[in-house]
1. Got at least one residue in the range 186-196 being within 23 Å of residue 262 (Cα to Cα) and part of a helix (DSSP H, G or I)?
2. Looking only at the range 173-209, how many residues end up being on the phi > 0 side of the Ramachandran plot and surrounded by 17 or more Cβ atoms within 10 Å (Cβ to Cβ)?
3. Working only within the range 245-257, note down all residues that are farther than 19 Å from residue 148 by Cα and touching a residue at least 60 places away in the same chain (Cβ under 8 Å).
4. Looking at the range 210-228, is at least one residue surrounded by fewer than 17 Cβ atoms within 10 Å (Cβ to Cβ), over 42 Å from the mean Cα position of the chain (by Cα) and not in a loop (DSSP other than H, G, I, E, B)?
């Protein structure tokens, strides 16, 4: 048998070690390559996530800007509404104060002005009296028209409806309508050709309607007038103009009663009772 030399064994041993090392290096290389590939994939995934995150951040920025714009608009709107609210509150307070003042007023009382000069009576600038020995019937008719108009307004203020008699205000040519007879009478007199009986019937109907109103106010609101109204008379004075001077006293008393009803009409008790 051939005997190996010591050098030959060393060479084979060295070659074997080299091969082994190469195999290990190759294996390590492959592992490193696999690790590098895995790292590259992870890096790509991280890059994608980074890009997605940047897009989300950009969207958040846009939303934040939009939110700031909306917030500014809301703040501006609230500021405007606050200003409007303050103005509305101020207006409400002024209106409330005006309403308080108006509640203390009586427009009908202010519109129905009466002055007395001895036996004469002046209503809104029109006098019911003698001028010397003459009678100014135009002025007298105007006074009667004013009285009728106020009585008509008092019906509304006291909540009294017409039933048998209706008053029709038309200034110095006002009318009184008798529904039972279906007849209208002029509450005015013309000394030249006027029918005194028709005029007296108009006076009668006017006084009757005033009596109805006074009775309504006494029953519902406990309002009492100063001068009593009887059948065709006021405080005992004839109201049908049989005697002009006596009639002037009757109209004077009636005007005072009407003025009294006007003053009572704006009282809190009556306003509450009407509700």
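1. no
2. Qualifying residue count, the range 173-209: 0.
3. Step one: filter the range 245-257 for residues farther than 19 Å from residue 148 by Cα, giving 245-246.
Listed by number, the list holds a single entry, 245.
4. Checked the range 210-228: no residue is surrounded by fewer than 17 Cβ atoms within 10 Å (Cβ to Cβ), over 42 Å from the mean Cα position of the chain (by Cα) and not in a loop (DSSP other than H, G, I, E, B).
For (1) in contact (Cβ under 8 Å) with a residue 12 or more places away in the chain; (2) touching a helix residue (DSSP H, G or I) at 6+ places or on another chain (Cβ under 6 Å), each residue gets a yes or a no:
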{"site": "182", "(1), (2)": "no, no"}
{"site": "198", "(1), (2)": "yes, no"}
{"site": "218", "(1), (2)": "no, no"}
{"site": "231", "(1), (2)": "no, no"}
{"site": "234", "(1), (2)": "yes, yes"}
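Condition check ((1) touching a residue at least 40 places away in the same chain (Cβ under 8 Å); (2) part of a loop (DSSP other than H, G, I, E, B); (3) surrounded by fewer than 19 Cβ atoms within 10 Å (Cβ to Cβ); (4) outside the structural domain of residue 262 (by TED's automatic domain parsing)) across all residues:
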| residue | (1), (2), (3), (4) |
| --- | --- |
| 121 | yes, no, no, no |
| 138 | no, no, yes, no |
| 143 | yes, no, no, no |
| 146 | no, no, no, no |
| 149 | no, no, no, no |
| 152 | no, no, yes, no |
| 156 | no, no, yes, no |
| 163 | yes, yes, yes, no |
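The values are calculated or read from the model by the stated rules, or taken from the named source; none is laboratory data. Predicted model, so just to flag it, every value in this text is computed and none were measured. Counting neighbours? That spans all protein chains shown, and the Cβs are built from the backbone with ideal geometry, glycine included.
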